[in-house]
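Visitor: Sharing a structure below in structure tokens format, with a few things to ask.
The values are calculated or read from the model by the stated rules, or taken from the named source; none is laboratory data. All values reported here derive from a predicted model rather than from experimental measurement. Using ideal geometry, Cβ is built from the backbone for each residue, glycine included, and neighbour counts are taken over all protein chains shown.
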Ligand code: GLU
């Protein structure tokens with residue numbers, strides 16, 4: 001059950017570690033937090049967990065902000081905009097963690113441990129982990145070891161008996177025997193905290209009411225429950241969302257093996273954020289509303305989903321990431337987009353591919369291609385030729401349709417050209433009927449004739465509808481391209497294909 005009593009205003013956070021481009025699972029976690037905050041009129045906070053300095057990458061803070069902004073997951077407090085609970089970057093809060101580590105030591109709830117990494121390694125060979133020998137050291141021992149210059153870590157004192165239970169909003173109560181838990185390190189020898197301490201101090205001080213995070217943290221949650229108990233702090237309600245599985249393997253989707261596991265993949269490859277966030281709603285949760293025909297609705301916004309988002313309906317088991325479905329959805333968003341808006345999205349894609357884009361031409365192209373592309377990037381292959389400055393005349397090989405030869409093709413194009421040049425009617429389809437008659441006269445299938453014209457004029461065997469494309473290209477250019485194709489064919493000796 002989701003308990004959102006007014007005494008504890010809803011405050012949730014997304015707390016990524018800046019270790020590279022955001023993972024698709026990270027975006028999904030952020031999105032579920034965002035929807036939860038919107039659902040209950042709460043706040044969505046962005047906090048950067050960079051206490052693992054070895055893994056922290058310079059560039060990736062920007063990557064995180066960029067990824068979240070792209071997805072439209074706006075935050076109410078965070079490192080870039082500040083807020084009443086800042087700073088929102090853990091490396092700027094080290095004093096706080098040290099203060100609370102000392103507080104735990106002073107209350108005999110944590111202790112210093114001076115073992116070297118070699119000593120720890122030999123202990124872990126026994127598979128029992130740390131043997132808690134630091135518990136028996138006195139303050140005099142500490143003074144002596146400090147004088148010897150021995151570094152120490154701070155470990156949390158886990159109760160040796162009893163059980164710990166927490167209630168997961170997704171999975172219900174989970175109980176663990178305390179004697180299966182380790183005295184975890186909460187402060188490292190360099191004075192930096194581990195995740196276990198840092199996130200608890202922050203979640204408490206930032207008055208986080210609900211924690212929604214990846215299921216990989218379930219095994220650590222009993223420890224966290226005990227640490228909250230030791231401080232005497234109220235623990236936020238907690239929900240663990242399931243992993244996202246790769247479609248191919250059934251294993252976890254990983255950036256190493258699956259390019260689409262990194263959120264940047266989607267903007268680099270022409271996906272719309274609305275489609276990605278729409279899709280992610282159904283990864284681990286399910287929108288579940290039906291349309292007037294009783295069909296399950298597939299197309300909806302994250303804002304609509306937020307209105308009914310129910311964390312307790314999140315599934316406990318992993319969900320496969322279905323790129324086919326997502327790409328289909330992306331196509332739907334492209335089809336439904338306002339023409340000018342779509343043109344504005346397509347323009348930079350064409351420009352990045354080296355084309356000079358005339359917006360008027362692009363606006364004429366949009367209705368021809370919107371049904372044919374599923375990603376913005378497909379515009380380049382589908383319709384780049386409209387914007388090509390220097391058109392390369394296709395080779396004879398490409399121009400000659402199946403079961404025809406060079407001479408026949410040249411003749412067909414020559415006669416088609418004459419028909420097209422003589423037209424007085426400017427409507428796009430005016431040439432179609434006379435060209436069908438021509439095909440029949442020449443004993444050709446219409447597809448053979450139209451195919452040859454298509455390659456001659458667009459340079460492609462597949463293109464948007466031929467006559468509409470010709471109308472955009474314009475008569476002069478069309479006829480000139482046909483002339484060049486005829487010339488190429490006359491120099492060719494290609495026999496029947
Ligand atoms: N920094 C942790 C991570 O990236 C945060 C986990 C949490 O949300 O508590 O996995």
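Visitor: Report, by residue number, each residue of segment 111-152 that is modelled with pLDDT of 95 or more, within 24 Å of residue 178 (Cβ to Cβ) and part of a helix (DSSP H, G or I).
Guide: Correct list: 134, 135, 136.
Visitor: Sticking with this structure for a sec: I'm trying to understand the selection: among the residues of segment 159-188, which are under 23 Å from residue 239 (Cα atoms) and touching a residue at least 60 places away in the same chain (Cβ under 8 Å)?
Guide: 164, 165, 166, 167, 168, 169, 170, 171, 186
Visitor: Here is a further query. Before we move on, is residue 48 closer than 28 Å to residue 271 by Cα, touching a helix residue (DSSP H, G or I) at 6+ places or on another chain (Cβ under 8 Å) and modelled with pLDDT of 95 or more?
Guide: yes
Visitor: If you check every pair at least six apart or on different chains, which have Cβ atoms under 9 Å apart with a residue in segment 334-354 that is on the phi > 0 side of the Ramachandran plot first and a residue that is surrounded by 13 or more Cβ atoms within 10 Å (Cβ to Cβ) and part of a helix (DSSP H, G or I) second?
Guide: Pairs found: 354/384.
Visitor: Run residue 87 past the list (1) surrounded by fewer than 17 Cβ atoms within 10 Å (Cβ to Cβ); (2) in a helix (DSSP H, G or I) and report the number of the one that doesn't hold.
Guide: The number of the failed condition is (2).
Visitor: Here is a list of conditions, (1) closer than 26 Å to residue 367 by Cβ; (2) touching a residue at least 40 places away in the same chain (Cβ under 8 Å), and residue 450 meets all of them except one; can you say which number that is?
Guide: With (1) closer than 26 Å to residue 367 by Cβ; (2) touching a residue at least 40 places away in the same chain (Cβ under 8 Å) applied to residue 450, the lone miss is (2).
Visitor: If residue 30 satisfies every condition in (1) touching a helix residue (DSSP H, G or I) at 6+ places or on another chain (Cβ under 9 Å); (2) within 11 Å of the ligand (Cβ to nearest atom); (3) not in a helix (DSSP H, G or I) but one, which is the exception?
Guide: Result: residue 30 fails condition (3) only.
Visitor: Something else now. Restricting attention to helices (runs of 4 or more DSSP H) lying wholly within segment 341-457, give those where 3 or more residues are within 39 Å of the chain's Cα centre (by Cα).
Guide: By residue number, 359-369, 378-383.
Visitor: Do you know which residues across segment 307-340 are closer than 30 Å to residue 214 by Cα and not in a helix (DSSP H, G or I)?
Guide: Of everything in segment 307-340, those that are closer than 30 Å to residue 214 by Cα and not in a helix (DSSP H, G or I) turn out to be 309, 310, 314, 315, 316, 317, 318, 319, 320, 321, 322.
Visitor: Here are some residues: 253, 212. Which one is within 10 Å of the ligand (Cβ to nearest atom) and under 29 Å from residue 309 (Cβ atoms)?
Guide: Just one listed residue meets the conditions, 212.
Visitor: Could you give every pair whose Cβ atoms fall below 7 Å, whose first residue belongs to segment 9-32 and is at pLDDT below 95, and whose second residue is crowded, with 24+ Cβ neighbours inside 10 Å and assigned to a helix (DSSP H, G or I), counting only separations of at least 6 or pairs across chains?
Guide: Matching pairs, first to second residue: 18/64; 22/64; 22/67.
Visitor: Within segment 33-64, which residues are assigned to a helix (DSSP H, G or I), without any contact (Cβ under 8 Å) to a residue 60 or more places away in the chain and crowded, with 18+ Cβ neighbours inside 10 Å?
Guide: Hits for segment 33-64 are 37, 60, 64.
Visitor: Here's another thing I want to ask about it. Taking the condition in a loop (DSSP other than H, G, I, E, B) and surrounded by 15 or more Cβ atoms within 10 Å (Cβ to Cβ), does residue 463 pass?
Guide: Yes: the conditions hold for residue 463.
Visitor: I would also like to ask the following. Out of (1) farther than 18 Å from residue 113 by Cβ; (2) away from the ligand (no atom under 16 Å from the Cβ); (3) touching a residue at least 12 places away in the same chain (Cβ under 8 Å), the odd one out for residue 191 is which?
Guide: (1)
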